[in-house]
Amino acid sequence: MNQEREQMLGRALTDRYAYEILTHLCDGIGPRMAGTPQEKEARDYLISQFEALGYEPIVEEFTYPLWESSGGGAAVTAPFQRELAAAVLGWSGNGLAEAEVVYVGYGRESDFDQVDVAGKVALLLNGDPPGEPELHRTEKYLRAMQRGAVGFLLMREVPCGILGIGSCGMKGGEISQVPALAITYEDGMLLRRFLEKGPVTVKLWADSRTRQEISWNIRAILPGREKPEERVLIGAHYDCWYNSPCAHDDASGVAVMMGLAKLFKELDPFRRSVEFVAFGVEEIGLFGAYAYAQQHAEDLRKVAAIFNLDGITVDGASQQVFCTGHRELREYIAGLLKENWPEIKATLEVNLYSDHWPLAERGVPGMHTIAWNSFVQTINHTPYDTLDKVSQVSIQRSLAWMSVLASEVASEPVLPFGHKSPEELKQIAAEHGVDRVLKLENRYHFE
Ligand SMILES: [Zn+2]
């Protein structure tokens, strides 16, 4: 290991700065939902942090359809009456439904084929079927509506009264009249037990609406020494859900990104530029990243790669680098990780639900770094995604391996991977079985 890298790793593993960022985002500001004063507080905080590090941050405004809700609820109305603990899901329709419940399992297409949800309330399990590819709640909700369901109940797949939320629509647009609510595992199981005996009727409602709002991506650039026009992009989203300080998703990513901004500023410039982007409005539909991809459509060719640090770390969970179907990229990243971090796997996984995607779908080599296991699945988008889940050590460790990955991509004389053509992307989407999902969500652009 050369001396400069040793020094960089030493600083990464001892500097408290990134952890201080995490602490302030979680405990100092708290939930940073798009459209709230806390979102603006986080924006101003990050701008001032970039400035304090010696950057000249560029704030890029964008408009987006903000979805918001003033509440909702769910109750059993027959064969008995009972209120259910419920939380409104992002992009829930605005409306009231009272109808019989039909249980649809995880909500794969084949699950829907076996039942008839038309005119009914669809009850589904949250999460992915074990051992199967990701099945996002957006896909479940859109499919339920396509088949005529009048209400949507998403039960948590893990016990102990957890209400987890998240977005059910990725591209905004008109909201429907089909209320979508999260309920607990326990209430879901109660419904399922009674369904075995006969019809169960529930009433659910959500008061939600959309309006045009503005938000901001915050960029800071560290110029390269030989190819300053080429840049390595490091991104993380500073917004989160209304119910959680979102330590893992994604205060951890913002913290590591800011840690890299500090660390790299103290080193000699790399060959390429490094661009840090704090994305706005990821959670309700990747609106910040889509705005970035659109505003920079002309110079995206110059983005050598994007590292999207969404949910990069949480204590006790193994980390991965998803390489979005890009084989040469995966090989290169795996090679960098092999020596010191063999437990961090670089995979070909294609994730459509985070900020690398709007750039990756335009050909940019896109990576998503993520820590995930059943515990993370349990706390994700719940009030329990708190600072105590992410220790200083796990932040510093992530800073260390990310500093190697990003600095290598920024320094490499000739990169062994490049942009993908629409034809190649089309193939990747088909290979990974995400083409049908993209079409369902009206996000398929490869033909
Ligand atoms: Zn996230």
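The values are calculated or read from the model by the stated rules, or taken from the named source; none is laboratory data. Small disclaimer: the values here were computed from a predicted structure and weren't measured. Because the Cβ atoms are built from the backbone with ideal geometry, glycine has one as well, and the counts that use them run over all protein chains shown.
Quickly run through the stretch 374-398 and pick out the residues that are under 17 Å from the mean Cα position of the chain (by Cα) and of a type in the set (D, E, K, R).
Listed by number, the list holds a single entry, Asp385.
With Leu96, Leu84, Leu135 as the choices, which residue is surrounded by fewer than 19 Cβ atoms within 10 Å (Cβ to Cβ), of a type outside the set (Phe, Trp, Tyr) and over 30 Å from Glu20 (Cα atoms)? Working first, answer last.
Values: Leu84 fails: surrounded by fewer than 19 Cβ atoms within 10 Å (Cβ to Cβ); Leu135 fails: surrounded by fewer than 19 Cβ atoms within 10 Å (Cβ to Cβ).
The conditions single out Leu96.
Taking the conditions exactly as written (under 23 Å from the mean Cα position of the chain (by Cα), among the aliphatic types (A, V, I, L, M) and on the phi < 0 side of the Ramachandran plot), does Leu154 satisfy them or not?
Judged against the criteria, Leu154 is a match.
I'm trying to understand the selection: among the residues of the stretch 246-283, which are farther than 17 Å from Val390 by Cα, of a type outside the set (A, V, I, L, M, F, W, C) and away from the ligand (no atom under 14 Å from the Cβ)?
First, the residues of the stretch 246-283 that are farther than 17 Å from Val390 by Cα: 260-283.
Adding the requirement that they be of a type outside the set (A, V, I, L, M, F, W, C) leaves 262, 265-266, 268-269, 271-273, 275, 280, 282-283.
Scanning the stretch 246-283 gives Lys262, Lys265, Glu266, Asp268, Pro269, Arg271, Arg272, Ser273, Glu275.
Does Glu339 satisfy the criteria of being away from the ligand (no atom under 16 Å from the Cβ), within 13 Å of Ile428 (Cβ to Cβ) and not assigned by TED's automatic domain parsing to the domain that holds Gly127? Give the derivation first.
Values: away from the ligand (no atom under 16 Å from the Cβ): yes; within 13 Å of Ile428 (Cβ to Cβ): no; not assigned by TED's automatic domain parsing to the domain that holds Gly127: yes.
The answer is no for Glu339.
Taking the stretch 163-187 only, how many residues are surrounded by fewer than 21 Cβ atoms within 10 Å (Cβ to Cβ) and over 29 Å from Gly288 (Cα atoms)?
Here the count works out to 2.
Take the residues of the stretch 387-442 that are within 30 Å of Leu263 (Cα to Cα) and among the hydroxyl-bearing types (Ser, Thr, Tyr): which is surrounded by the most Cβ atoms within 10 Å (Cβ to Cβ)?
My answer is Ser398.
Taking the conditions exactly as written (modelled with pLDDT of 95 or more and part of a strand (DSSP E or B)), does Ala317 satisfy them or not?
No: the conditions fail for Ala317.
Given the structure, is Leu267 assigned to a loop (DSSP other than H, G, I, E, B) and at negative phi? Don't jump to the end; show me each part of the working.
Working: assigned to a loop (DSSP other than H, G, I, E, B): yes; at negative phi: yes.
Spelling it out, Leu267 is indeed assigned to a loop (DSSP other than H, G, I, E, B) and at negative phi.
Scan Asn217, Asn243 and give me the residue that is polar (S, T, N, Q), within 16 Å of the ligand (Cβ to nearest atom) and touching a helix residue (DSSP H, G or I) at 6+ places or on another chain (Cβ under 7 Å).
Working: Asn243 fails: touching a helix residue (DSSP H, G or I) at 6+ places or on another chain (Cβ under 7 Å).
When all the criteria are applied, what remains is Asn217.
For the stretch 250-274: of the residues being basic (Lys, Arg) and in contact with a helix residue (DSSP H, G or I) (Cβ under 6 Å, 6 or more places away or on another chain), which is surrounded by the fewest Cβ atoms within 10 Å (Cβ to Cβ)?
Here is the first cut: in the stretch 250-274, the ones basic (Lys, Arg) are 262, 265, 271-272.
Then keep just the ones that are in contact with a helix residue (DSSP H, G or I) (Cβ under 6 Å, 6 or more places away or on another chain); that gives 262, 271-272.
Working: Lys262: 21, Arg271: 17, Arg272: 26.
If we take residues in the stretch 250-274 being basic (Lys, Arg) and in contact with a helix residue (DSSP H, G or I) (Cβ under 6 Å, 6 or more places away or on another chain), then Arg271 is surrounded by the fewest Cβ atoms within 10 Å (Cβ to Cβ).
Exactly one of these conditions fails for Gly35: (1) surrounded by fewer than 18 Cβ atoms within 10 Å (Cβ to Cβ); (2) among the small types (Gly, Ala, Ser); (3) not in a helix (DSSP H, G or I). Give me its number.
Every condition holds for Gly35 apart from (1).
What's the total number of residues in the stretch 74-89 that are part of a strand (DSSP E or B), in contact with an Asp or Glu (Cβ under 7 Å, 6 or more places away or on another chain) and either outside the structural domain of Ile162 (by TED's automatic domain parsing) or not polar (S, T, N, Q) (or both)?
Residues of the stretch 74-89 that are part of a strand (DSSP E or B), as a first pass: 74-78, 82-84, 86-88.
Imposing the further condition that a residue be in contact with an Asp or Glu (Cβ under 7 Å, 6 or more places away or on another chain) reduces the set to 75, 77, 84.
Cutting the leftovers down to either outside the structural domain of Ile162 (by TED's automatic domain parsing) or not polar (S, T, N, Q) (or both) gives us 75, 84.
Within the stretch 74-89, residues that are part of a strand (DSSP E or B), in contact with an Asp or Glu (Cβ under 7 Å, 6 or more places away or on another chain) and either outside the structural domain of Ile162 (by TED's automatic domain parsing) or not polar (S, T, N, Q) (or both) number 2.
Hey, can you tell me all the residues within the stretch 289-308 that are within 20 Å of Glu56 (Cα to Cα) and either within 16 Å of the ligand (Cβ to nearest atom) or in contact with a helix residue (DSSP H, G or I) (Cβ under 7 Å, 6 or more places away or on another chain) (or both)?
Tyr292, Val303, listed by residue number.
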